[in-house]
Each structure stands twice: as structure tokens, then as C-alpha cells.
Amino acid sequence: MIDKDKVKTAVNLLLEAIGEDTTREGLIDTPDRISRMYEEIFGGLDMDPKEILSKRFTVKDSEMVVERDITFYSMCEHHLLPFYGKAHVAYVPDGEVLGLSKLARIVEVYARRPQLQERMTNQIADAIFKELKPKGVMVMLEAEHMCMTMRGIKKPGSSTVTVATRGSFVDNESLQSTFYGRVRNFRL
Ligand code: ZN
């Protein structure tokens, strides 16, 4: 659980350190606002991926399931600035499927914490592969990083793409291209 008092103290110190007057009207409630906001945006640390993935349904066939364009917001752990974009998650079931909303929730679990996009991609794939035990999993994240766009090299609109494959997707070009085809070309 997040220590809200500690966050408030830290934000106060940070504002003082950059030379701000922490008693002025606009800033007086900022430490409190941030402590409440952090409870939400870092709330993934308290969520249990196992529990989210425990609700399953039995299926006979093993057609690939793709949930694409799952919007996520995370915080880069190097700069504590947001990175955000879309997650596309696919798996080939082996007798069981998840409720579709669970894929979006599992993305949220790993987005809502100080994070690296590469690690988040792998964590989502590993959690599904380990808990659901499907034949294979593939995860792709496309995100814009504020630490790239508002500072440093300043390249707005550029996105970082990361991919993770497990099980039957590993080194399987035809399965991977089916995934890319469903994510990219098929629009309702
Ligand atoms: Zn960063």
C-alpha cells in the first residue's frame, strides 16, 4: 500500500527544492492531490494478476484470441513521466479461455506501477502463459514516452514498439503474421 503521508512530504520537498513557494494558493493542496493520484496510478502494485486470471471458461477449439487496442497509461521508472499507448494481446487457448475484460485488466496491473515498456511487455506475456497455460502468447505494446517528447531528444509522435512471444508463437512466423494481420489490418 502506498504511504500517502510520505508522498506528501516528498512532494513538498521536491517543490521546495526547485525553488517554489509551497504555501501559495495553487500549490497548497498539490502534495495531497498527488498522494491520492499516486494511489490510483501506482495501484497495480497491490493488484494480484493470479486472481484476475483465475476466472476461465472451457472451450473445445483452439483459435487464436486477439484483444487489440487496449489503451494503457504507465509511468517510466527512469523519469517518473508517463508513457502511454496501445497494448495488443493474443493467445492460442489450450482448452480454456479468459473473459475478454481480463486481458485489459492484466495490462492495467502491469501499467500502474513504475515501469519499463520492455519489462511490462514480458510481464504480461509471462503472467498469461504461466496462469492460463495456453499453447502460446504474443504481446505487442506501442507507446509514446513523455521523457522522449517533452525533454531530451524531443521527438513528438514517435512511438516505441515492443513484442514478447511465448510458447507456440516463438519463432513461428506464420502465427506471428496472423497476429500482426489481425492487429493491423482488420478494422471494424
Ligand atoms: Zn523515461
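The values are calculated or read from the model by the stated rules, or taken from the named source; none is laboratory data. Fair warning: this is a prediction, and the values are worked out from it, not measured in the lab. Note that each Cβ is placed from the backbone with ideal geometry, even for glycine, and that neighbours are counted across all protein chains shown.
Annotations for the structure displayed:
- Residue that is surrounded by 21 or more Cβ atoms within 10 Å (Cβ to Cβ), in a helix (DSSP H, G or I) and at pLDDT 95 or above, where the choices are VAL137, VAL89, VAL107: VAL107
- SER54 vs. criteria over 24 Å from GLY167 (Cβ atoms) and of a type in the set (Ser, Thr, Tyr): no
- Summed over the range 85-113, the residues that are within 16 Å of the ligand (Cβ to nearest atom) and touching a helix residue (DSSP H, G or I) at 6+ places or on another chain (Cβ under 6 Å) give a count of 1.
- Within the range 158-188, the set of residues being touching a helix residue (DSSP H, G or I) at 6+ places or on another chain (Cβ under 8 Å) and not aromatic (Phe, Trp, Tyr) comprises SER158, THR160, THR162, VAL163, ALA164, THR165, ARG166, GLY167, SER168.
- The lone exception for ASN122 - which of (1) within 16 Å of the ligand (Cβ to nearest atom); (2) in a helix (DSSP H, G or I) it fails: (1)
- Residue within the range 142-162 that is away from the ligand (no atom under 13 Å from the Cβ), crowded, with 18+ Cβ neighbours inside 10 Å, hydrophobic (A, V, I, L, M, F, W, C) and assigned to a strand (DSSP E or B) present: no
- Residues of the range 59-84 satisfying the condition of being touching a helix residue (DSSP H, G or I) at 6+ places or on another chain (Cβ under 7 Å), more than 14 Å from the ligand (Cβ to nearest atom) and not in a strand (DSSP E or B): MET64
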